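Reading through the structure tokens given below for one structure.
FYI, it's all coordinate maths here, none of it is from the lab. Only a predicted model underlies this, so the values are computations on that prediction, with no experimental measurement involved. Note: ideal-geometry Cβ built from the backbone for every residue, glycine included; neighbour counts use all protein chains shown.
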Amino acid sequence: MVDVATNLSNIEENIRQACENVNRDPEDIHLIAVTKYVTIERTKEAINAGINNLGENRNEGFLEKYNEIQNQVQWHFIGSLQSRKVKDIINQVDFIHSLDRLSLAKEINKRAAHPVNCFIQVNVSGEESKHGISPEEVITFIEQLSIYENIKVVGLMTMAPHVDDPENVRPVFKKLKNLRDDVTKKSLPHAPCKWLSMGMSNDYHIAIEEGATHVRIGSKLVG
Ligand SMILES: *Cc1c(COP(=O)(O)O)cnc(C)c1O
């Protein structure tokens, strides 16, 4: 396996390049290392290489790593979250990327000891296998969240379909950005919604060109 530091410097170079293409500041890109496929040792290697944001998509994997690593990093929960499991993780994570239904918001609100930073997951591509709310429902959904004092909407998140040529998913990223702009225009106190969580190993350079602020990279970074 290639060491994380080498992968990281390649990815940082690609991030710089993508930012340069569209005149963005690389400082505005948050790189989240997705460690769901790898061991705690490999995860620690990533931290030693300079990673300070980790993403996990299942409660078990998250808790296993959190118990060892604690608050040395910021923790991003990126997978679909079952309501009955919210209480096990909600006060350990820093960001949830997968808020997609009111019943989940209600449970987060009830179990959290303080406001939680949430990305709303949007199913932009309309693939049936994907979680997330439909683009048409985003504004109404976010407006409905205002009653939950422990939900802070920091941005939108999407997973693009897997395709051979990532150019083909550019429209998905564009659409999420437009939706984000529609939300920020509303100036809702509970939903500053400044951020865009989009882009994975195969398409993060395109996502950055289209406005991503948080990229979630697993296989090309840590394996
Ligand atoms: C696994 C996963 C990633 C990372 O995928 P790679 O293609 O390995 O970079 C990003 N986001 C989510 C939601 C994931 O489940």
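Scoring residue 80 on the criteria (1) more than 20 Å from residue 200 (Cβ to Cβ); (2) surrounded by fewer than 20 Cβ atoms within 10 Å (Cβ to Cβ) leaves a single failure, condition (1). Scanning the stretch 11-43 for residues that are touching a residue at least 24 places away in the same chain (Cβ under 8 Å), surrounded by fewer than 13 Cβ atoms within 10 Å (Cβ to Cβ) and polar (S, T, N, Q) returns a single hit, 21.
The strands (runs of 3 or more DSSP E) located wholly in the stretch 147-223 that include 3 or more residues which are touching a residue at least 40 places away in the same chain (Cβ under 8 Å), more than 13 Å from the ligand (Cβ to nearest atom) and surrounded by 14 or more Cβ atoms within 10 Å (Cβ to Cβ) occupy 151-157.
Entry remark, the stretch 19-29: residues being of a type in the set (A, V, I, L, M) and more than 19 Å from the chain's Cα centre (by Cα) number 1 in total.
So that you can scan it fast, the table gives a plain yes or no per residue for (1) within 16 Å of the ligand (Cβ to nearest atom); (2) among the charged types (D, E, K, R); (3) free of Cβ contacts under 8 Å to residues at least 40 places away in the same chain:
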position: 93; (1), (2), (3): yes, no, yes
position: 107; (1), (2), (3): no, yes, yes
position: 112; (1), (2), (3): no, no, yes
position: 129; (1), (2), (3): yes, no, yes
position: 140; (1), (2), (3): no, no, yes
